[in-house]
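None of the figures in this text is laboratory data; all of them are computed from the coordinates on show. The structure presented is a predicted model; accordingly, all values stated were derived computationally and were not measured. Backbone-built Cβ (ideal geometry, glycine too); neighbour counts: all protein chains shown.
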Amino acid sequence: MSYQHLSTFERARIETLQELGYSIRSIAARIDRSPSTVSRECHRNKETDESYCSEAAHRHYQTRRKRCRPQGKWTQDLAQKIDDKLDLTWSPEQIVHRLGEDTLSFKTIYRWLYQGLLTKNTDALRHKGKRRKPKETRGRFNVGTSIQKRPREIRKRETFGHWELDTVVSSRGRSKGCLATFIERKTRWYIALKMADRTASSMEKAIRTLHETLPNQAFQTATVDRGKEFACYPRIEQECSIDVYFADPYSSWQRGSNENGNGLLREFFPKASDLAQLTEEELQQALALINGRPRKCLDWKTAHEAFEQEVLHLG
């Protein structure tokens, strides 16, 4: 049987039996307790006149119980720090590791959100539920270099300058507005450029724009799907010296970083959004928040910090 604290009824019996002259062992036998329990109770809770009073004993017990309860980790200062990072769209796990709160679990932050101990509520969390996988209706082509021929060091994310590309579009019937999205595989630095439409010429223009912006060797390869907007790949390979690799059909996991980045962007601009109406300021603000979050896969550095570090190494 597990240990149980003495009740007020048991304390009253101890007081009564002690006044009647019963010994410690006799009292213990009558209340079905260990003699050591009764002895400890009498010596620890007796009054100044050496007598035992059950009411006073219970008050002493309650005082000790309050002192032994943990104080908890919540403080006003810590709660404010967490609220500030939630404003920056950081997840609880990112907050814990970046703030260096070694004794704080990200599960504790979730619990504080649910308990209302933070100014923010669960609406501040980025993930709103599972998303349905869209059905692909675009045209495809079956030419180009297969991803199976991509070098191992690119697949292992051991070298810098290798990108995954895709497009993000407005919902059907809204407009032709869309975004060309790029993510560097090693650093997870994510960028999106506005396009007038989802054509090969618009995609070529977006690729050239990013290529001209980046320093030499920062854009060496591109891994894409087989959507028709990437039919521009021969000119990109020839004129920009970028090797283009095509993922297998219906294998979005082969471009997992880009798919994840697009999901993060969709949190700011859901499918109901008209991307043609999206301003450059709104887009850059969303990208700054995405690239400003610490990442577990980057040892809790931000994508921006990791990308800057690699660019500096290019010399």
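Most exposed first by the Cβ proxy, i.e. fewest other Cβ within 10 Å, how do Thr279, Thr159, Thr187, Thr16 rank?
Thr279, Thr16, Thr159, Thr187
Within a Cβ distance under 14 Å of Leu283, other residues only, what is the Lys/Arg minus Asp/Glu net charge?
In short, -3.
If you stretched the chain out fully between Ser7 and Ala196, how much longer would it get, using 0.36 nm times the residue separation minus the C-alpha to C-alpha distance?
Stretched out fully, the Ser7 to Ala196 stretch lengthens by 60.4 nm.
Mind checking the angle between helix 303-313 and the chain's longest principal axis? C-alpha axes, 0 to 90 degrees, to the nearest 10.
Long axis of 303-313 versus the principal axis of the chain: about 60 degrees.
Pop a pseudo-label 7 angstrom from the Cα along the beta-carbon direction at both Lys66 and His313 and give the gap in nm to one decimal.
5.8
Tell me which of His5, Gly292, Ala29 sits at the most positive position along the dipole axis of the chain, charges placed on C-beta atoms (Lys, Arg +1; Asp, Glu -1).
Farthest towards the positive pole: Ala29.
Could you point to the label whose value was computed as volume of the Cα convex hull per residue in Å³ for the structure here, given [x] 169; [y] 126; [z] 221?
The value computed from this structure is option [z].
Which cross-chain or sequence-distant (5 or more) residues have an amide H under 5 Å from the amide H of Lys301, H modelled 1.01 Å from N in plane?
For Lys301, whose amide H was placed from the backbone, the distant partners under 5 Å are Arg295.
Can you tell me the orientation of helix 54-68 relative to the chain, as the angle in degrees between its alpha-carbon axis and the longest Cα principal axis, to the nearest 10?
It is inclined by approximately 20 degrees.
Please rank Cys53, Cys232, fewest neighbouring Cβ atoms within 10 Å first, as an exposure proxy.
With the fewest neighbours first, Cys53, Cys232 line up as Cys53, Cys232.
Please list, ordered by chain and number, the residues whose modelled amide H lies under 5 Å from the amide H of Asp166; skip anything fewer than 5 residues away on the same chain.
Close amide H contacts, sequence-distant or interchain: Thr181.
Against the longest alpha carbon principal axis of the chain, how many degrees, from 0 to 90 and to the nearest 10, is the axis of helix 256-266 turned?
It is inclined by approximately 80 degrees.
Please arrange Glu164, Glu10 by how many other C-beta atoms lie within 10 Å of their C-beta, fewest to most.
Ordered from fewest to most neighbouring Cβ atoms within 10 Å, Glu164, Glu10 come out as Glu10, Glu164.
What is segment 76-124 by shape, rounded, prolate or oblate, if you read a ≥ b ≥ c off the alpha carbon gyration tensor as root eigenvalues and call it rounded for a/c under 1.5, prolate for a/b larger than b/c, and oblate otherwise?
rounded
To the nearest 0.05, how large is the calculated FRET efficiency for Thr209 and Gln80 if R₀ is 45 Å and r is the Cβ-Cβ distance?
0.65
Report ³J(HN,Hα) in whole Hz for each residue of segment 80-86, in order, from the Karplus equation J = 6.51 cos²θ - 1.76 cosθ + 1.60 where θ = phi - 60°; Gly and Pro get x.
With the stated coefficients, segment 80-86 comes to 5, 4, 5, 4, 4, 6, 5 Hz.
Mind ranking 258-269, 18-29 by how tightly packed they are, going by the mean number of other C-beta atoms within 10 angstrom, highest first?
Output ranking for 258-269, 18-29: 258-269, 18-29.
Quick check: residue separation of Ser23 and Ser241 times 0.36 nm, minus the Cα distance between them. What number comes out in nm?
The Ser23-Ser241 span can extend by a further 68.8 nm.
Would you mind checking Lys186/Lys228; Lys120/Lys296; Lys120/Lys271; Lys149/Lys271; Lys73/Lys186 for any pair whose Cα atoms are more than 30 angstrom apart?
Table pairs above 30 Å Cα-Cα are Lys149/Lys271; Lys73/Lys186.
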